[in-house]
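Shown next, in structure tokens, is the structure this report addresses.
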């Protein structure tokens, strides 16, 4: 005798949206991968980030300078370290006998920021395309980008500014789609200031996003409606508070020191400030007139981009370049080929009226150009010794790039070619992400194991 069908359960199952289940699985997948990286050593700039976090864990305000150390606190972006310090103080208050090491707590906080970045990547792609599956795939791509996952397990402000970028651009796109003006504007402002208070290089993204916001306001001024709900009022107050902190840091710095952030020598003695002394034997101050007269013996920007910089960026995003380095050559070459294929598809299947994709492309182009010029300036100053030239500085726009790439692949008109492209990309990102980590663990990553004691 057949059992009666439970129609309530059947109806509930039928209402379950598959893309939400897949997104939850993607988040669990990334968190698991990130937890492995939390126990892996070698993330960049661990020493200064740990020092600043410890200093901020001793006070609710700005800690005092140590005149005998090169690490400068005065006038520097502080939000990432303040959050780390606050988290540790709250943990000690709640669990006085707790044995959680501060470095582990701060690594877990970094993983939390990156997990939110994965989530906002999903929301951004879904908002751009209207297709939630592009969001799931974009989030999966980001989860399997080696340098992103690696940094996500370390103590680094890169995780917070990556989140700030993804969230700010998501709300910017929401504004361009005509969603509530006050709410989206306030959220854009809050996120860009969070990024700027975490790292001064984020100021360029703040400017780019502000220009995009201003362009929208000018074009749609007559259609803008101002609705002041309770939530909007709270967001305005929050934005105003962050704006005051922003002006208090950068405005005061500009008046007091003549620049957005003071250099160490403006705060401490030159002897204390001089680090990486071996680099100074190569140093020559950047000078355009000097560059013009020695142009015949200088590597020009085009040759530098084609012969070194682009490949260095790719291998240090889809590989790992830090105190510990892992450069899987075949995987990186395939990722480069996938990027080239995405660029080809963008040109062939271009949609001139796709304003939101153009907006993403402009953000990527402007910030990418800035990073390239900054790298080239450093290379000229240090005689092309390749100090601190790494794709990690492109991580803030990585989620935007992957969203755009996914969008391009879904716009391929030929159905079979579209399916092959998406399937190949999924296989490549898994094989070059968690797959390669597990496959090469005993050979590479087991030796990077970090034990807290």
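The values are calculated or read from the model by the stated rules, or taken from the named source; none is laboratory data. Every value quoted in this text rests on a predicted model; they were computed, and no experiment measured them. Every residue, glycine among them, receives a Cβ derived from its backbone with ideal geometry; neighbour counts consider all protein chains shown.
A residue that is without any contact (Cβ under 8 Å) to a residue 24 or more places away in the chain, over 23 Å from the mean Cα position of the chain (by Cα) and crowded, with 16+ Cβ neighbours inside 10 Å occurs somewhere in segment 411-424.
Total residues in segment 239-259 satisfying the condition of being within 17 Å of residue 206 (Cβ to Cβ) and surrounded by 15 or more Cβ atoms within 10 Å (Cβ to Cβ): the figure is 7. Scanning segment 36-54 for residues that are more than 18 Å from the chain's Cα centre (by Cα), closer than 13 Å to residue 106 by Cα and in contact (Cβ under 8 Å) with a residue 24 or more places away in the chain yields 39, 50, 52, 53, 54.
Which of the residues spanning segment 207-253 are modelled with pLDDT under 90 and either within 13 Å of residue 192 (Cα to Cα) or in a loop (DSSP other than H, G, I, E, B) (or both)? Across segment 207-253, the qualifying residues are 220, 224, 225, 226, 227, 228, 229.
The rows are residues; the columns are (1) without any contact (Cβ under 8 Å) to a residue 60 or more places away in the chain; (2) surrounded by 23 or more Cβ atoms within 10 Å (Cβ to Cβ); (3) more than 30 Å from residue 313 (Cβ to Cβ).
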residue	(1), (2), (3)
165	no, yes, no
204	no, no, no
207	yes, no, no
225	yes, no, yes
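Restricting 342, 305 to residues that are part of a helix (DSSP H, G or I), out of contact with any strand residue (DSSP E or B) (no Cβ under 7 Å at 6 or more places or on another chain) and under 22 Å from residue 141 (Cα atoms) narrows the list to 342. The listed residues are 181, 120, and the only one of them that is closer than 29 Å to residue 102 by Cα and touching a residue at least 24 places away in the same chain (Cβ under 8 Å) turns out to be 120.
So that you can scan it fast, the table gives a plain yes or no per residue for (1) under 13 Å from the mean Cα position of the chain (by Cα); (2) under 25 Å from residue 37 (Cβ atoms); (3) modelled with pLDDT of 95 or more:
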| residue | (1), (2), (3) |
| --- | --- |
| 169 | yes, yes, yes |
| 176 | no, no, no |
| 187 | no, no, yes |
| 192 | yes, no, yes |
| 196 | yes, no, yes |
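Name the single residue that is nearest to residue 157 (Cα to Cα) among those in segment 93-105 being without any contact (Cβ under 8 Å) to a residue 60 or more places away in the chain and exposed (fewer than 15 other Cβ atoms within 10 Å of the Cβ). Per the criteria, the residue is 100. Considering the conditions (1) assigned to a loop (DSSP other than H, G, I, E, B); (2) modelled with pLDDT of 95 or more, residue 428 is excluded by exactly one of them, (1).
Taking the listed residues 438, 417, the one that is farther than 21 Å from residue 340 by Cα and in a helix (DSSP H, G or I) is 438, with no other qualifying. Here are 161, 155: which of them is touching a residue at least 12 places away in the same chain (Cβ under 8 Å), outside any helix (DSSP H, G or I), closer than 21 Å to residue 80 by Cα and touching a helix residue (DSSP H, G or I) at 6+ places or on another chain (Cβ under 6 Å)? From the options 161, 155, the qualifying one is 155.
Considering only residues that are in a helix (DSSP H, G or I) and loosely packed, with under 14 Cβ neighbours inside 10 Å, which ones fall in segment 308-339? It would help to see each step written out before you state the result.
Looking only at segment 308-339, we keep the residues that are in a helix (DSSP H, G or I), and these are 308-315, 329-339.
329, 330, 337, listed by residue number.
The set of residues in segment 93-132 being part of a helix (DSSP H, G or I) and out of contact with any helix residue (DSSP H, G or I) (no Cβ under 9 Å at 6 or more places or on another chain) consists of 93, 94. Of all the criteria given as (1) surrounded by 24 or more Cβ atoms within 10 Å (Cβ to Cβ); (2) within 15 Å of residue 403 (Cβ to Cβ), the one not satisfied by residue 177 is (1).
Conditions (1) in a loop (DSSP other than H, G, I, E, B); (2) farther than 30 Å from residue 104 by Cβ; (3) out of contact with any strand residue (DSSP E or B) (no Cβ under 9 Å at 6 or more places or on another chain); (4) modelled with pLDDT under 90, marked per residue:
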position: 356; (1), (2), (3), (4): no, yes, yes, yes
position: 366; (1), (2), (3), (4): no, yes, yes, no
position: 372; (1), (2), (3), (4): no, yes, yes, yes
position: 377; (1), (2), (3), (4): no, yes, yes, yes
position: 393; (1), (2), (3), (4): no, no, yes, yes
position: 396; (1), (2), (3), (4): no, no, yes, no
position: 406; (1), (2), (3), (4): no, yes, yes, no
position: 446; (1), (2), (3), (4): no, no, yes, no
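Of the residues screened, residue 108 is not one that is under 17 Å from the mean Cα position of the chain (by Cα) and surrounded by 24 or more Cβ atoms within 10 Å (Cβ to Cβ).
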